[in-house]
Amino acid sequence: PASAANMAAALGIPMDTKNAAQYALDHGYKEKDGGTKPGFFKDYLGKSGIDTQNLSSQNDIKKSLQSGNPVLLMGTDGSNTPAKEARGTSSTPFGTNPHYVVATGMDGDNITIQDPESSVPNQQYKTSQVLNKSSLAMSAGMGRWGRGRSSWGRGAKNLIARAAQYASIRKGKSGRGR
């Protein structure tokens with residue numbers, strides 16, 4: 001649920017993590033081990049007017065990020081240890097158990113990650129290392145998928161502009177502001 005809030009924030013839409021977690025519980029999206037079923041993201045984000053699309057290749061992930069769309073990634077990295085994480089020498093944001101993060105942009109060979117388990121935003125990792133350890137990818141955007149804007153993307157810059165864009169889209173759908 002925290003990664004759903006991170007995806008929405010990357011699009012300039014405020015979303016409460018506690019409400020997202022409660023929704024996951026109430027609608028059967030929580031796994032027995034405490035994880036979240038992937039279907040939660042499409043359902044919950046869709047209720048806020050955010051379209052999602054599953055991505056099947058590293059090229060699709062890169063294109064989505066270059067278009068300004070955040071990408072949810074789930075992955076595991078058995079070589080990551082608590083000691084590496086404490087020293088800040090982890091090569092990916094993933095650990096031995098499946099973990100969701102949100103990629104919000106790319107800069108050269110690096111990918112920008114928002115990790116709900118980290119207090120440090122906009123962490124940079126080597127794109128190839130993160131994508132090679134990812135087993136699920138889902139892009140999010142406003143309106144028809146793929147209409148992302150490149151005005152942000154390096155760590156969710158320009159959120160005020162994205163919020164204004166969201167408000168404009170929502171107003172157009174209903175004929176009046178919400």
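Summary value for the stretch 62-132: 28 percent relative contact order, contacts being C-alpha pairs under 8 angstrom separated by 6+ residues.
In whole percent, what relative contact order does the stretch 8-150 give with Cα contacts below 8 Å and a gap of six or more residues? Present the calculation step by step, with values, prior to reporting the outcome.
Values: 241 pairs, mean separation 39.9, N = 143.
Computed value for the stretch 8-150: 28 percent relative contact order.
The phi-based Karplus calculation (6.51 cos²θ - 1.76 cosθ + 1.60; θ = phi - 60°) puts the 3J(HN,Hα) values of the stretch 25-41 at 5, 5, 10, x, 8, 8, 7, 4, 7, x, x, 10, 5, x, x, 4, 5 Hz, whole numbers, x for Gly and Pro.
Over all orientations, the stretch 1-149 has a Cα convex hull whose mean projected area works out to 8.4 square nanometres. Counting protein heavy atoms only, the stretch 9-122 has 47 percent of its accessible area on carbon and sulfur, 1.4 angstrom probe.
Which order do the peptides 24-30, 92-98 take when ranked by the mean count of other beta-carbon atoms within 10 Å per residue, highest first?
92-98, 24-30
Accessible area per residue for the stretch 1-84, computed on protein heavy atoms with a 1.4 Å probe, is 47 Å².
Give me the net charge for the shell around Ser90: Cβ to Cβ below 13 angstrom, other residues only, Lys and Arg +1, Asp and Glu -1.
It works out to a net charge of 0.
Assuming R0 = 35 Å, what is the FRET efficiency of Asp33 and Asp109, from their Cβ-Cβ distance, to the nearest 0.05? Intermediate values should be presented prior to the final figure.
Working: r = 34 Å, r/R0 = 0.96.
After rounding, the FRET efficiency stands at 0.55.
The values are calculated or read from the model by the stated rules, or taken from the named source; none is laboratory data. Only a predicted model underlies this, so the values are computations on that prediction, with no experimental measurement involved. We place every Cβ from the backbone using ideal geometry, glycine too, and count neighbours over all the protein chains shown. These area figures cover heavy atoms from the full protein model, side chains too; ligands, DNA and RNA do not enter into them. Shrake-Rupley method; radii C 1.70, N 1.55, O 1.52, S 1.80 Å.
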